[in-house]
Amino acid sequence: MSATEQTAPAPSEAMQSAWRQMQVCNACRYCESYCAVFPAMAMRRSFSEGDLTHLANLCHGCKGCYHACQYAPPHAFDINIPATFAEIRQESYAAHAWPAPMGRLFERNGTIVSLAAALIVTLVLLMTVAVKDPAVLYTAQTGQGAFFRIIPLWLINLLAGATFGYAILAMTMGGIRYWRGTAGGAGAVPVTAARDAAVDILTLRNLGGGGHGCNDLDDSFAMHRRWLHQAMFYGFFLCFAATCTGAVYHHVFGWRSPHAFLSLPVQLGTWGGVLLCIGTAGLIWVKIVTDPVPVSRRVLGGDYAMLVLLFLVGATGLLLLALRHTGAMGLLLALHFGLVLALFIALPYSKMVHGVYRGLALLRHARERRSALRSAAA
């Protein structure tokens, strides 16, 4: 046995279970048309840990394969792909986190996100109350620059820029490590494959399962989980677009917030906040009522914590918009800003990284699919 083989860590229990289950699924292939996972599985005759990690991140957890499977529990084969792949995804987030020691945060993901949010919000509120004159903090502030009388613009830019910049760097480095670790870096990615992956990402096509939706409650199909994910996804990016538009207004045109209700930043933020609240609240409801068997309880705490944090960011943003011309604005601004900072800090070490890894998995799958088509045509 080589030194490398002697020192290589043993595969996790979830990885061993996934390898066994993929052998059964690759022989059966009943679910071959259900989502991206099974066509990708059918391209392989053996499965490395990188392959299994790739397949796990392709899985959108629609549970269609579980409800269709003749070998699902209580059968002796115990095939439960959604729960097993959920655990492997969690392991992949920890394994590819940057910096590497931060991967340990995924072991208690829900606790970490909750504590970070509570601590940062508390600090921002205490600092705001401590440094602001009550005559300013608790009285209505109107006109351009009203927000910056509560929290100076330079401080907002410093804290938000530093935390968001770090989150983007950490998620980018984690994505690079994931791409290399799943053997995704071999060969160029054709433009057509990138286009296919972009369509899959933007439409969340694989949350359609075999075309009829997810199986969240039982073996009946429904599209509500896909719609709720789209509401959360597009709501988040509308809120981000609102922030970017507001920055352009301020630094290019000299128009300082708060802006008029019908202005572009406010409209983007309003509709983004509404969609974000609808999507996150709906997904929390789905997790509560869903069949618990094809769900990994190990990852639920982190899922709930991030959904609640996203909901609070959207809800406090909408509340701030509604009460921005009242004496409640100061504390609401501090609360909302603290929650946004907590979200930025938690991004690289929470369920949110699945957007990066799943996007890369879909890109690799699109490339493999295009390569297989070219080979078949040759």
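Residue count for segment 70-110, restricted to those that are surrounded by fewer than 21 Cβ atoms within 10 Å (Cβ to Cβ) and polar (S, T, N, Q): 1. Filtering Gly145, Gly184 for residues that are at pLDDT below 90, closer than 17 Å to Leu360 by Cβ, assigned to a loop (DSSP other than H, G, I, E, B) and open to solvent by less than 40 Å² (accessible area, probe 1.4 Å) leaves a single hit, Gly184. The residue of segment 148-181 that is most open to solvent (accessible area, probe 1.4 Å), among those that are basic (Lys, Arg) and closer than 30 Å to Gly359 by Cβ, is Arg180.
Being in a helix (DSSP H, G or I), open to solvent by 20 Å² or more (accessible area, probe 1.4 Å) and not polar (S, T, N, Q) is a description that does not apply to Val113.
The residue of segment 333-378 that is most open to solvent (accessible area, probe 1.4 Å), among those that are of a type in the set (Ser, Thr, Tyr) and in a helix (DSSP H, G or I), is Ser375. With respect to the stated conditions, Ala247 fails to be assigned to a loop (DSSP other than H, G, I, E, B), surrounded by fewer than 16 Cβ atoms within 10 Å (Cβ to Cβ) and either of a type outside the set (Val, Ile, Thr) or touching a Cys at 6+ places or on another chain (Cβ under 6 Å) (or both).
The condition (being crowded, with 16+ Cβ neighbours inside 10 Å, touching a helix residue (DSSP H, G or I) at 6+ places or on another chain (Cβ under 9 Å) and on the phi < 0 side of the Ramachandran plot) is satisfied by just one residue among Arg256, Arg298: Arg256.
Scanning segment 341-355 for residues that are touching a helix residue (DSSP H, G or I) at 6+ places or on another chain (Cβ under 6 Å) and over 17 Å from Met102 (Cα atoms) returns a single hit, Leu341.
The values are calculated or read from the model by the stated rules, or taken from the named source; none is laboratory data. Quick caveat, the model's predicted, so the values are computed rather than measured. Because the Cβ atoms are built from the backbone with ideal geometry, glycine has one as well, and the counts that use them run over all protein chains shown. Accessible surface is based on the protein model in full, side chains and every heavy atom, while ligands, DNA and RNA are left aside. Shrake-Rupley method; radii C 1.70, N 1.55, O 1.52, S 1.80 Å.
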